[in-house]
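Note sheet for the following structure.
The values are calculated or read from the model by the stated rules, or taken from the named source; none is laboratory data. All values reported here derive from a predicted model rather than from experimental measurement. Ideal geometry is used to build each Cβ from the backbone, glycine not excepted, and the neighbour counts take in all protein chains shown.
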Amino acid sequence: MASTVSNPPTSTEIACQSCGAILLIDATVRSTTCPYCASPSIIRRPPTPNRPSPSFLVGFTINHERATQLVRTWLSKSHLFARSDFKSAVPELTHGIYLPAYLYGAVAHADYSASIGENYTETETYTTTDSQGKSVRRTRTVTKTEWRPLSGRYVCYVVDVLVTASGGVSNEALEAIEPFDLRSLRAYSDSFIAGWLAEEPSRTQAECFRFAHDETVALVERRLKGFMPGDSHRNLQFQTNLNNEVINLVLLPVWSYAVRYAEDRPPVQILVNGQTGRVGGKVPVSTTKVAFAVLAVIGVLLLLALLMSLAS
Amino acid sequence: MMDNTQPIDVIEVPHCERCESPLEAGDLRCAICGAAAPQSVSTKQTKIAVNVLRCTGCGAAITYDPNRQAPSCSFCGEVMQVETIVDPMEQTEFYLPMTVSIEEARAALKGWLDTRGWFRPSDLSAASQLTEIKPLWWVAWIFDADALVSWTADSNAGSGRSSWAPHAGQTELRFDNMLVSGSRGLTDKEAYAITPGMQLGSGKTYVEGGGDQPTLERFDVPRSQARQQVLAAIEATAADRIQQHHIPGTRFRKVRVSLVLRRLITQRYSLPAYVLAYRYRNELYRVVICGQNASYIVGSSPFSYAKLFALIGGTLLLGLFLLIVMAAAS
């Protein structure tokens with residue numbers, strides 16, 4: 001379960017700067033729209049360690065119509081075992097939101113050890129039967145592997161690791177709609193979130209650091225696998241130390257949809273990357289389709305067994 | 001590496017706090033290590049403040065428009081100017097003066113043609129006709145950097161049944177005045193052949209020499225792409241140096257490096273050269289001469305097949321003669 005920022009005030013009372021209406025807004029919201037005069041307001045709170053001010057922002061480039069179209073296409077092209085009512089469901093827009101996330105970077109030092117396989121070929125003699133049924137000796141070239149131990153130190157910069165800072169969106173859900181093109185990163189400015197819902201971080205920085213560390217270690221492992229010499233390797237073990245860490249709060253553009261596909265089921269959250277249009281979400285699996293598929297496979301196997309027994 | 005006796009003064013610029021590489025105007029983050037550029041610190045906010053952004057034209061509240069990718073007024077349509085993403089085209093910072101005159105370049109070409117080796121046509125120098133001589137400034141990035149390099153490779157050192165054995169290591173490398181060509185006009189081979197003749201300390205902010213209408217090549221890549229080119233060149237150079245000086249053995253494969261760069265300083269130069277074209281028996285050949293030292297010259301020249309066939313024929317005749325002599329003697 002996600003740990004949330006400690007002792008946050010649950011709501012904040014603000015006065016609309018256009019019509020003067022008093023609005024009670026959630027403490028995790030950074031921007032809002034007045035329900036009386038539709039004026040967008042941006043709430044600036046004093047930064048705290050768990051709620052720093054945003055450093056960067058990626059602007060929306062996908063509009064509402066395009067996002068809805070992408071979700072419809074994504075729903076209809078869900079995998080074979082997706083529920084049919086899910087495929088035909090109508091997406092309901094929850095909101096376009098600037099999602100808080102941390103952009104993490106570090107210098108990774110890894111001590112590694114592995115067995116490196118170096119291939120070589122040998123000519124070996126073997127006995128076989130020729131076309132006339134006689135036993136004959138022949139030679140063939142076989143590839144063998146010589147295993148050698150290797151250990152060393154690996155160092156690299158790790159940049160652009162994105163982890164969620166929102167309690168409402170899991171890190172897996174954010175990964176499903178990544179990547180964001182960070183070449184379009186902009187310095188944060190209130191003007192980019194005017195009229196849009198922007199969320200404050202609702203996870204502690206410690207929790208976000210853990211997410212970032214896990215992603216970084218997985219990244220270092222992938223890089224180390226590509227770094228190994230030889231024709232193959234096995235038993236790769238490594239210990240990673242991360243230092244010179246930097247972490248910056250960034251607001252990411254996300255369209256959030258709720259898809260209600262059955263009366264007795266909770267709606268499914270579908271996210272759309274507001275910059276690239278990539279869609280992500282959990283597809284509910286149809287147990288009926290899975291059962292039919294299993295039965296069909298068993299039926300085919302039984303039929304094959306029957307045919308083989310008849311043939312023999 | 002080039003001669004750099006007199007370093008050029010570098011204007012003090014903000015540096016990345018992590019890798020100490022200089023940051024350029026408009027950089028939000030360090031291009032080397034990804035750390036955020038230091039921002040100007042605003043006065044510390046202690047109270048909650050509510051802000052409404054208003055259109056400067058009609059006073060209505062504005063909202064961000066994804067279609068325009070900028071905040072705009074939904075009443076009068078005015079678009080608010082926002083800070084744009086800075087990725088300018090690269091611009092030359094320093095020009096090296098052309099110190100070789102056209103006459104010296106002509107003389108250098110003649111001398112070069114005379115020293116093309118035995119297989120050059122005998123009348124090469126006399127029969128060649130200079131058809132064009134063009135002074136130009138070609139563009140390049142010159143960089144300095146420190147790097148901690150981790151490497152792995154296969155080499156023949158310590159190999160057993162297989163021809164290869166794995167090796168790994170980590171070492172510090174220093175890059176001084178390394179050049180990455182950004183030229184479209186010169187090939188990499190031409191650019192790197194004449195580079196050692198350049199005196200980097202003589203850089204100026206204006207063009208000097210080369211006549212009235214010298215050709216000035218421009219960088220044709222934006223800053224972000226230039227950085228990628230420079231980083232790729234650093235990685236290739238590091239792999240080359242590691243192979244030459246750090247990996248044991250004489251044969252190598254799968255040389256892999258991982259770099260942590262520090263203090264990467266890149267400067268954009270325009271370097272002088274003469275591009276000459278000469279004609280020999282209706283064929284055109286090209287030569288490039290360093291604009292600061294005419295002894296650095298690279299190009300193509302004709303090959304005398306007549307001399308080659310004469311040599312082969314002579315060798316065969318000599319062999320035949322020896323066989324006859326040996327047969328007669330026996």
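Among the residues of segment A:147-160, the one identified as more than 7 Å from chain B (Cβ to nearest Cβ) and surrounded by 21 or more Cβ atoms within 10 Å (Cβ to Cβ) is A:158. Of the candidates A:184, A:191, A:166, the single residue that is within 14 Å of chain B (Cβ to nearest Cβ), of a type outside the set (A, V, I, L, M) and in contact (Cβ under 8 Å) with a residue 40 or more places away in the chain is A:184.
Among the residues of segment B:144-153, is any free of Cβ contacts under 8 Å to residues at least 40 places away in the same chain, closer than 18 Å to residue B:248 by Cβ and not acidic (Asp, Glu)? No: zero hits. Of all residues in segment A:74-89, those being surrounded by 12 or more Cβ atoms within 10 Å (Cβ to Cβ), among the small types (Gly, Ala, Ser) and in a loop (DSSP other than H, G, I, E, B) number 2. Every condition in (1) modelled with pLDDT of 95 or more; (2) farther than 30 Å from residue A:226 by Cβ is met by residue B:185 except one, and the failing one is (1).
Results for (1) of a type in the set (A, V, I, L, M, F, W, C); (2) outside the structural domain of residue A:79 (by TED's automatic domain parsing); (3) farther than 30 Å from residue A:120 by Cα, shown as yes or no for each residue.
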site	(1), (2), (3)
A:206	yes, no, yes
A:228	yes, no, no
A:242	yes, no, yes
A:262	yes, no, yes
A:269	no, no, yes
A:298	yes, yes, yes
A:311	yes, yes, yes
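In the set (1) in contact with a Leu (Cβ under 9 Å, 6 or more places away or on another chain); (2) assigned to a loop (DSSP other than H, G, I, E, B); (3) over 30 Å from residue A:265 (Cβ atoms); (4) of a type outside the set (S, T, N, Q), residue A:62 fails one condition alone, (3). For segment B:247-289, the candidate set comprises residues that are outside any strand (DSSP E or B) and touching a strand residue (DSSP E or B) at 6+ places or on another chain (Cβ under 9 Å); within that set, the residue that is surrounded by the fewest Cβ atoms within 10 Å (Cβ to Cβ) is B:250. Condition test on residue A:257, is it in contact with a Lys or Arg (Cβ under 8 Å, 6 or more places away or on another chain) and more than 14 Å from every other protein chain (Cβ to nearest Cβ)? It is false that residue A:257 is in contact with a Lys or Arg (Cβ under 8 Å, 6 or more places away or on another chain) and more than 14 Å from every other protein chain (Cβ to nearest Cβ). Being within 14 Å of chain B (Cβ to nearest Cβ), within 26 Å of residue A:189 (Cβ to Cβ) and part of a loop (DSSP other than H, G, I, E, B) is a condition met by at least one residue of segment A:5-15. Residue B:160 passes every criterion in (1) within 14 Å of another protein chain (Cβ to nearest Cβ); (2) surrounded by 22 or more Cβ atoms within 10 Å (Cβ to Cβ); (3) not aromatic (Phe, Trp, Tyr) apart from (2).
Among the residues of segment B:97-127, how many are in contact with a helix residue (DSSP H, G or I) (Cβ under 6 Å, 6 or more places away or on another chain) and of a type in the set (S, T, N, Q)? Adding up the residues that qualify gives 1.
When residue A:129 is tested against the conditions (1) within 12 Å of chain B (Cβ to nearest Cβ); (2) exposed (fewer than 11 other Cβ atoms within 10 Å of the Cβ); (3) more than 22 Å from residue B:253 (Cβ to Cβ), the lone failure is (1). Considering segment B:69-81, the residues that are facing chain A (nearest Cβ under 10 Å) and out of contact with any helix residue (DSSP H, G or I) (no Cβ under 7 Å at 6 or more places or on another chain) include one that is farthest from residue A:251 (Cα to Cα), namely B:74.
Among the residues of segment A:235-258, just one is surrounded by fewer than 20 Cβ atoms within 10 Å (Cβ to Cβ) and farther than 25 Å from residue A:215 by Cβ, namely A:258. One residue alone among A:202, A:191 is closer than 26 Å to residue B:68 by Cβ, surrounded by fewer than 23 Cβ atoms within 10 Å (Cβ to Cβ) and polar (S, T, N, Q), and that residue is A:191. Being farther than 26 Å from residue A:107 by Cα, more than 14 Å from chain B (Cβ to nearest Cβ) and not hydroxyl-bearing (Ser, Thr, Tyr) is a property that does not hold for residue A:203. Of the numbered criteria (1) without any contact (Cβ under 8 Å) to a residue 12 or more places away in the chain; (2) assigned to a helix (DSSP H, G or I); (3) within 27 Å of residue A:10 (Cβ to Cβ), the one residue A:226 fails is (3). Scanning segment A:75-120 for residues that are without any contact (Cβ under 8 Å) to a residue 40 or more places away in the chain and closer than 30 Å to residue A:144 by Cβ turns up just one, A:120. Picking from residues in segment B:111-157 that are assigned to a loop (DSSP other than H, G, I, E, B) and of a type in the set (Phe, Trp, Tyr), the one that is nearest to the other protein chains (Cβ to nearest Cβ) is B:119. If a residue must be at the interface with chain B (Cβ under 9 Å from one of its Cβ atoms) and either buried (at least 20 other Cβ atoms within 10 Å of the Cβ) or under 21 Å from residue A:101 (Cα atoms) (or both), how many such residues does segment A:35-62 contain? Residues in segment A:35-62 being at the interface with chain B (Cβ under 9 Å from one of its Cβ atoms) and either buried (at least 20 other Cβ atoms within 10 Å of the Cβ) or under 21 Å from residue A:101 (Cα atoms) (or both): 16 in total.
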